[in-house]
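The values are calculated or read from the model by the stated rules, or taken from the named source; none is laboratory data. Worth saying up front: this structure is predicted, and the values here are computed from it rather than measured. All Cβ positions, glycine included, derive from the backbone under ideal geometry; neighbour counts span all protein chains shown. Note: accessible area is taken over every heavy atom of the protein model, side chains too, but ligands, DNA and RNA are not part of it. Shrake-Rupley method; radii C 1.70, N 1.55, O 1.52, S 1.80 Å.
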Amino acid sequence: MAFVSNLILGQNFEYQTDFKRLVVQSQDSLSDNYYEKLRAEFVKNGENFTKDKVIALMSGQTASKFYDAYGMIDMERAYQVADKYSSDTIHKYVHRLLEIHPVNLSMNYGLWKTYEKDGETTNAEKYKKRFNLICESILTTGNGTNEKPYFVISPIDGQVLIRLYYKKEIGMMGSGRDPNGNFVDILEMVDEKDSKSLNFVIDHAMGLFRQQMREVDEKEIEDKYEIDENGKVILKKKKGN
């Protein structure tokens, strides 16, 4: 069975230049791509966004103070199986989270499936459209090759795209660099006897992760060491010693 043709779309988006440009615009209140404006619009009417606006919002999301790519993975995995939880539990948290993470794939999927389970067809259709729109927008950012990886905002968005949008299996999983040195997630999409490796650029997520790790290391150093009156670094004395 051949893979669907929309693995390759317009491919006008260039991560190396367009992502940085959109991040800058997302901080400019006079720009059409101002993050806070797009965020509020998407929360209200996201299913009617253009793919370009979705990509602009995704880029701005990575510069948001709430962006914590690796810190949200467990939560995202829970929303991928939202239909197994009580609807009250899902509704208690996800709407507030979507106020600050409006284009999160897993959360939009979780609401779609929760409303669907509850028989609320209007809301289920709304979040189904949003989920599909975000996936289709991702597919306009490249063609999945190492030279043109797809742009995603969560390190597990590639898995979501393969399993929940294409409804395919994931084979081998790995990581690497694109020709520009950007960190990419590499996933094998398996369809019966055929397979195809898809690349997803997550360098922005890795950059944040590395920064967080540096801050943890620095805090550990601060907790363990101090500088004496002579400027010498010494191990802190434990209380009571």
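The table below gives the values:
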{"item": "Rounded to whole Hz, the Karplus (6.51, -1.76, 1.60) HN-Hα couplings of segment 115-126, x for glycine and proline", "result": "5, 5, 4, 7, x, 8, 5, 5, 5, 4, 5, 4"}
{"item": "Rounded, prolate or oblate (a/c below 1.5 giving rounded, otherwise prolate when a/b exceeds b/c) for segment 15-206 by Cα gyration tensor", "result": "oblate"}
{"item": "In Hz, Karplus ³J(HN,Hα) per residue of segment 98-105 (6.51, -1.76, 1.60; θ = phi - 60°; x = Gly, Pro)", "result": "6, 5, 10, 10, x, 9, 6, 4"}
{"item": "Two-site label geometry, Lys167 and Ala63: point separation in nm, points 7 Å out along Cα→Cβ", "result": "3.9 nm"}
{"item": "Heavy-atom accessible area order for Thr17, Thr145, largest first, 1.4 Å probe", "result": "Thr17, Thr145"}
{"item": "Normalised per residue, the volume of the convex hull around the Cα set of segment 110-150 (Å³)", "result": "52 Å³"}
{"item": "Calculated from backbone phi, Karplus (6.51, -1.76, 1.60) coupling profile of segment 19-28 in Hz, x at Gly/Pro", "result": "4, 4, 4, 5, 5, 4, 5, 5, 9, 9"}
{"item": "Amide proton proximity set for Ser175, modelled H, under 5 Å, gap of 5+", "result": "Ile186"}
{"item": "Placed amide H near Lys148: partners under 5 Å, 5+ positions off or other chain", "result": "Asn143"}
{"item": "Stretch gain in nm, segment Lys84-Glu147, where the contour uses 0.36 nm per residue and the Cα spacing is subtracted", "result": "18.8 nm"}
{"item": "Cross-link pairs beyond the 28 Å C-alpha cut-off, checked among Lys51/Lys196; Lys53/Lys84; Lys84/Lys196", "result": "Lys53/Lys84; Lys84/Lys196"}
